[in-house]
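Everything on this sheet refers to the single structure shown next.
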Amino acid sequence: MISTLQRSFKLGKEFAANPASDLKMNDYEIIARLYYLISNLSEEQQKNLFEQLLNGSMTNFLLKAAIDMSTEQQFTFMKHLEEMQPKTEQPDRRTYARKDCLINVNFKIRGQKFRSYILDISKSGAFIETSATLTNGLKMLLGFSSPEDRQPLDLIAEIVWADSRGVGVKFLHLTEDQSRILKSFTEKTDEVLKIAS
C-alpha cells in the first residue's frame with residue numbers, strides 16, 4: 001500500500017501552485033500526501049517535527065497512540081512495556097494489594113488544583129500520576145468517581161512517597177461508606193478498572 005501511496009502522491013507543480021485543490025482531497029489522498037511529505041524530510045527534521053507534536057508530553061502521545069490500537073495490539077504493547085519496566089522496584093510499602101486502573105482524578109494541595117489519573121488503587125491508598133514536584137507529608141483533597149457506579153468520592157489523602165512518575169498516597173479519615181465503596185471495586189481481580197470521569 002505504501003508504494004501505491006508514494007506513486008499516487010508524487011504530485012506535480014500544478015498541485016502545489018493551487019491551494020484550492022487542498023479542499024477537494026479525500027481522506028486517502030490526505031494520508032498519502034502526508035506520507036509523501038514526511039518521508040521527504042531529513043531525519044533531523046522528522047525528529048524536530050515529532051518533538052513539536054509531542055509538546056513535551058511523551059506519556060500522553062503514547063497513550064493516545066495506544067487508544068487507537070486494536071485490542072490485540074494494545075495487549076502486545078502492554079506486554080512489551082511490562083518487559084521494559086525497571087527490575088529494581090521501590091520497596092513495597094503497601095499493606096493491601098493494589099488494583100491497576102485508569103481513573104480521572106482532581107486533587108487540590110494548598111489551594112492549587114491539579115487534574116490527572118489514578119493508576120493503581122487499594123482500599124487504603126493509591127498511586128497518582130503527576131509531573132508536579134510534591135513532597136512527603138503533604139495533605140490533599142481528592143475527587144474521583146467509583147468505576148462501578150460512578151458514585152463520587154471526595155477523600156482526604158496524604159503523600160507517603162513521591163518520584164518522577166507521581167505520588168503514592170494513603171487515604172485518611174475514611175467513612176464506612178467510603179471504605180465499603182473502595183473495598184468493593186478494588187477487590188475485583190478479573191478486570192482492570194476502566195476510566196471513570
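The values are calculated or read from the model by the stated rules, or taken from the named source; none is laboratory data. No experiment lies behind these values; they were computed from the predicted model shown. Positions of Cβ are generated from backbone atoms using ideal geometry, with glycine treated the same way; all protein chains shown enter the neighbour counts.
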For this session: Can you confirm whether the stretch 99-110 contains a residue that is of a type in the set (S, T, N, Q) and modelled with pLDDT of 85 or more?
Result: yes
For this session: For the stretch 30-42, indicate whether the set of residues that are in a helix (DSSP H, G or I), modelled with pLDDT of 75 or more and within 28 Å of S164 (Cβ to Cβ) is non-empty.
Result: no
Exercise. In the stretch 69-78, which residue that is surrounded by 10 or more Cβ atoms within 10 Å (Cβ to Cβ) and out of contact with any helix residue (DSSP H, G or I) (no Cβ under 9 Å at 6 or more places or on another chain) is modelled with the lowest pLDDT?
Worked result: F75
For this session: Answer yes or no as to whether E14 is at pLDDT 65 or above, loosely packed, with under 10 Cβ neighbours inside 10 Å, acidic (D, E) and assigned to a helix (DSSP H, G or I).
Result: no
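Every residue, every condition in (1) in contact (Cβ under 8 Å) with a residue 24 or more places away in the chain; (2) farther than 24 Å from D177 by Cβ; (3) outside any loop (DSSP other than H, G, I, E, B), yes or no:
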{"position": "N104", "(1), (2), (3)": "yes, no, yes"}
{"position": "F107", "(1), (2), (3)": "yes, no, yes"}
{"position": "S116", "(1), (2), (3)": "yes, yes, yes"}
{"position": "D120", "(1), (2), (3)": "no, no, yes"}
{"position": "L134", "(1), (2), (3)": "yes, yes, no"}
{"position": "M140", "(1), (2), (3)": "yes, no, yes"}
{"position": "F144", "(1), (2), (3)": "yes, no, yes"}
{"position": "R150", "(1), (2), (3)": "yes, no, no"}
{"position": "L155", "(1), (2), (3)": "no, no, yes"}
For this session: Give the residue that is modelled with the lowest pLDDT, with candidates limited to residues of the stretch 120-148 that are under 22 Å from the mean Cα position of the chain (by Cα) and charged (D, E, K, R).
Result: E148
